[in-house]
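Every number in this text was worked out from the coordinates using simple rules, so none of it is lab data. What you are looking at is a predicted structure, and each value in this text was computed from that prediction instead of being measured. With ideal geometry, Cβ positions are generated from the backbone for all residues, glycine too; neighbour counts draw on all protein chains shown.
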Amino acid sequence: QSQVPLVLTTWGTDDFQAATTKAFLTLTKTYDRIESLLDGLTECEQLQCDGTVGFGGSPDETGETRLDALIYDGLNHEMGAVGSLPNVKNAARVAYAVMKYTKHSILVGDYAANFAVEMGFKRESLYTNSSYAAHQKWIKQNCQPNYRKNVLPDPNKFCGPYKPANDEDRFMFSHSQGSRRNHD
Amino acid sequence: TIGMVVIDYEGNIAVGTSSNGANHKVPGRIGDSPIPGAGAYADNDIGGAVSTGDGDIMMRFASSYQTVHYIREGKTPAKAAEITIRTISRKYPNFMGAIVAVDKKGHFGAACHGMNFFKFCMQNQYFTKVRIISVTC
């Protein structure tokens with residue numbers, strides 16, 4: 001039996017199931033694998049799947065949410081990606097715009113957002129009350145956990161700002177076990 | 001992170017990811033998701049793979065590219081994902097992550113580490129609804 005057409009999606013909670021359904025529906029309607037992929041990824045961005053996709057999740061040390069996305073077409077080995085994209089919600093579709101409208105593979109940061117706006121995407125905040133609250137809570141618990149090491153003050157106890165620790169002060173950096181929600 | 005693989009009616013493969021990265025990251029940090037060969041990789045003649053988990057660690061092993069490479073060498077998707085996951089866990093025993101892999105015929109599998117089990121979604125023409133598949137890590 002042919003196993004295709006087929007959609008596979010990481011994680012199994014409701015929102016990821018909805019993204020899979022959306023992608024498969026688009027595939028059966030349009031026969032277009034890229035459109036199917038974009039619809040599925042965008043569904044997760046809009047649903048903020050598990051808080052690890054889309055706006056309002058995983059704020060950085062400053063409280064800002066930025067987005068990463070990649071579209072890779074196996075037929076032509078074409079791709080487009082964005083990294084650390086601020087203030088544009090449709091990261092997957094911006095990644096596709098990189099593939100469609102440039103000869104590059106990846107655009108990052110504020111310039112990626114400028115490119116997105118130039119290609120017709122809307123510039124809008126990625127903050128939400130919950131990302132703001134999560135960030136405030138994190139600060140109150142002395143910025144734990146964090147991704148700093150070999151700095152002063154001790155990053156296992158204090159917030160920054162940090163500066164490099166000299167040799168005597170080096171602290172063992174224990175690779176914090178990535179919890180289900182503290183991962184990419 | 002969402003990692004997604006789509007194989008169309010002609011067997012053409014597209015893969016993609018979208019993520020808001022790690023919580024409380026240092027500003028400027030990007031994860032493995034947008035990096036080709038790490039967050040996702042596809043080769044129409046072989047198959048595709050997507051990765052999720054501790055992106056800072058997984059990207060150092062080009063986890064999706066490596067998995068597709070093992071499929072190219074004749075491993076099943078599940079075995080290919082498992083070999084890659086094991087390679088990473090030997091260097092980083094505490095890492096947490098998972099890889100979903102598929103060959104060009106649509107046979108698929110997954111492997112994981114750092115959690116008890118990993119669930120992923122599958123839908124094809126034989127199921128009217130999404131199927132949730134769970135693998136033990």
Open item on the list: Take A:Glu78 and B:Glu10, extend 7 Å from each Cα along the Cα→Cβ direction, and tell me the distance between the two endpoints in nm.
Closed with: 1.3
TODO: Using only atoms on other chains, find how many Cβ atoms lie within 10 Å of each Cβ of peptide B:116-128 and report the average.
DONE: 6
TODO: Compute the Kirkwood hydrodynamic radius of chain A, taking the inverse of the mean of 1/r over all pairs of distinct Cα atoms, and give it in Å to one decimal.
DONE: 18.4
Task: Angle between chain A longest axis and helix A:91-101 axis [Cα atoms, degrees, rounded to 10] - done: 60
Task: Shielding by other protein chains, A:83-90, mean Cβ within 10 Å - done: 3
- [ ] For segment A:12-71, just list the percent of Cα-Cα distances falling in each 5 Å bin from zero outward, please.
- [x] 4, 21, 24, 20, 15, 8, 4, 2, 1
Open item on the list: For chain A, what does the helix formula give at 222 nm: sum of -39500 (n - 2.57) over DSSP H segments with n ≥ 4, over the residue count, nearest 500 deg cm²/dmol?
Closed with: -11000 deg cm²/dmol
Open item on the list: Tell me whether segment A:21-109 comes out rounded, prolate or oblate; compute the Cα gyration tensor, take square roots of the eigenvalues as a ≥ b ≥ c, and use a/c under 1.5 as the rounded threshold.
Closed with: oblate
- [ ] Within segment A:5-37, which residues have the backbone N less than 18 Å from the label spot 7 Å out from B:Thr128 along Cα→beta-carbon, could you tell me?
- [x] A:18, A:21-22, A:24-26, A:28-29
Task: Largest-first ellipsoid semi-axes for segment B:91-137, taking √(5λ) over the Cα gyration tensor eigenvalues, angstrom - done: 25, 13, 6
Task: In sequence order, calculated HN-Hα J values of segment A:63-76 (Karplus, 6.51, -1.76, 1.60; Hz; x Gly/Pro) - done: x, 8, 9, 10, 10, 10, 7, 9, 10, 9, 9, x, 5, 9
Task: Two-decimal Rg to Rh for segment B:22-94 - Kirkwood Rh, Cα set - done: 1.01
Task: Degrees, to the nearest 10: B:63-72 long Cα axis against longest axis of chain B - done: 30
TODO: Please report, in debye to the nearest 20, how large the charge dipole of the protein assembly as shown is about its Cα centre when each Lys and Arg carries +1 at its beta carbon and each Asp and Glu carries -1 there.
DONE: 540
Task: Amide hydrogen neighbours beyond the local backbone of A:Val108, cut-off 5 Å, H modeled - done: A:Gly83
Task: Zero-based 5 Å bins, Cα pair distances in chain B, whole percents - done: 2, 12, 21, 24, 21, 12, 6, 2, 0
Task: Listed residue (A:Thr30, A:Pro155, B:Ile7) projecting farthest to the positive dipole end of the protein assembly as shown, Cβ model - done: A:Pro155
- [ ] Calculate the radius of gyration of the Cα atoms of the protein assembly as shown to one decimal place, then report Dmax, the largest Cα-Cα distance, as a whole number, both in Å.
- [x] 18.9, 64
Open item on the list: Per q in 0.11, 0.22, 0.23 Å⁻¹, report the Debye log10 I(q)/I(0) for segment A:51-150, using one uniform scatterer on each alpha carbon and no solvent.
Closed with: -0.38, -1.02, -1.08
- [ ] Report, to the nearest 10°, how far helix A:109-118 tilts away from the longest principal axis of the Cα atoms in chain A, using its own Cα long axis and a range of 0 to 90°.
- [x] 30
Task: Entries of A:Lys89/A:Lys157; B:Lys91/B:Lys119; A:Lys137/A:Lys163 with Cα pairs more than 30 Å apart - done: A:Lys89/A:Lys157
